[in-house]
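The values are calculated or read from the model by the stated rules, or taken from the named source; none is laboratory data. Small disclaimer: the values here were computed from a predicted structure and weren't measured. Note: ideal-geometry Cβ built from the backbone for every residue, glycine included; neighbour counts use all protein chains shown. Keep in mind that these areas ignore ligands, DNA and RNA; they rest on the heavy atoms of the full protein, side chains included. Shrake-Rupley method; radii C 1.70, N 1.55, O 1.52, S 1.80 Å.
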Amino acid sequence: MTTTSAMPTLVYDIGNHRYLNITARCTLRCQFCPKHNGSKQVHEYDLSLTQRITAEDIIPLLGNVNEVEEYVFCGFGEPTLNLECLLEVAREIKAQGGHVRLNTDGLGNHFHRRNILPELSQYIDSISISLNADTAESYQQHCRPKLENSYEALLEFIQLAPKYIPQVQVSAINGLANVNIERCRIIAEQNGAIFKQRELDVIG
């Protein structure tokens, strides 16, 4: 399920999951992200966005919630930066009986300067947080955050998330220089989250 070629890809399917592309903005400039390496594409979908996306843009494209296993907020931007849209769309999916997952860099609280997890908890069933580094130095090297103290804020978000969201997964990419993947696993599991190891250059 996609929009027409004249429109940006806002909703796209991979397997039995329907992905929602609601912003191009991000708090990170990850050197391994395809958009910083000349590509805005995941599988056959071009995820370029040049406009602000609203819930009114997304909701008509949701389709039948019974057709998919879950809806996933995930594009080449950080979904929590378009929080109003995220919450409105997630509320609609839940009202129709769907399952909602959020893929995030874990910097939503840092960006908004408040704890957004209580709001997310109303409509989000599961959350996947990108850790990607076991030290502040390696995080700076690979993720290049725009906000100061981002790694500390990320760790705090990982600690808080299981208190609000039923299913919390923390991921890290195997193959990044100066990153100890086993230490990333320990950070996740010590905070009550499930750890997911991703592989470098494997997208989607």
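Compute the distance in nm between two label points, each set 7 Å from the Cα along the Cα-to-Cβ direction, one at ASN149 and one at GLU67.
It is 4.6 nm.
Read phi for every residue in the range 125-140 and hand back ³J(HN,Hα) as whole Hz from Karplus 6.51 cos²θ - 1.76 cosθ + 1.60, θ = phi - 60°, with x for Gly and Pro.
Result, ordered by residue: 7, 8, 9, 10, 10, 7, 8, 6, 6, 9, 9, 4, 5, 6, 5, 4 Hz.
Using mean projected area of the Cα convex hull in nm² as the read-out, say which of (1) 10.5; (2) 11.2; (3) 13.1 was calculated from these coordinates.
So the structure-derived entry is (1).
Mind running the shape call on the range 129-181? Use the C-alpha gyration tensor, a ≥ b ≥ c as the square roots of the eigenvalues: rounded below 1.5 for a/c, prolate if a/b tops b/c, oblate otherwise. Let's see the in-between values first.
Working: a/c = 2.72, a/b = 1.44, b/c = 1.89.
Oblate shape, in that a/c is at least 1.5 and b/c is the bigger or equal ratio.
If you take every DSSP beta bridge whose two residues both sit in the chain, what share of them, in percent to the nearest 5, is antiparallel?
On the way: 6 of 28 bridges.
So the antiparallel bridges amount to about 20 percent of the total.
Would you compute, from DSSP H runs of 4+ residues alone, the mean residue ellipticity of the chain at 222 nm, taking -39500 (n - 2.57) per run and dividing by the full residue count, rounded to the nearest 500? The partial results should precede the final answer.
Numbers: 7 runs with 55 residues, N = 204.
Rounded to the nearest 500, the figure is -7000 deg cm²/dmol.
Give me the net charge of GLU88's neighbourhood, meaning all other residues with Cβ under 14 Å from the Cβ of GLU88; Lys, Arg count +1, Asp, Glu -1.
Numbers: positive: ARG52, ARG91, LYS94; negative: GLU56, ASP57, GLU84, GLU92, GLU119.
In short, -2.
What angle, in degrees between 0 and 90 and rounded to the nearest 10, separates the Cα long axis of helix 181-190 from the longest principal axis of the Cα atoms of the chain?
The angle comes out at about 80 degrees.
Tell me the per residue accessible area of the chain using a 1.4 Å probe; a whole number in Å² is fine. Could the numbers behind the result be given before it?
Numbers: 9820 Å² over 204 residues.
Per residue, the chain has an accessible area of 48 Å².
On the protein heavy atoms, probe 1.4 angstrom, tell me the percent of accessible surface of the chain carried by carbon and sulfur. Walk me through the numbers on the way to the answer.
Values: 4470 of 9820 Å².
Solvent-exposed carbon and sulfur of the chain make up 46 percent of the total.
Determine, from the Cβ-Cβ distance of ARG183 and THR50 and an R0 of 41 Å, the FRET efficiency 1/(1 + (r/R0)^6), rounded to the nearest 0.05. Each step should come with its number before you reach the end.
On the way: r = 39 Å, r/R0 = 0.95.
The calculated FRET efficiency here is 0.55.
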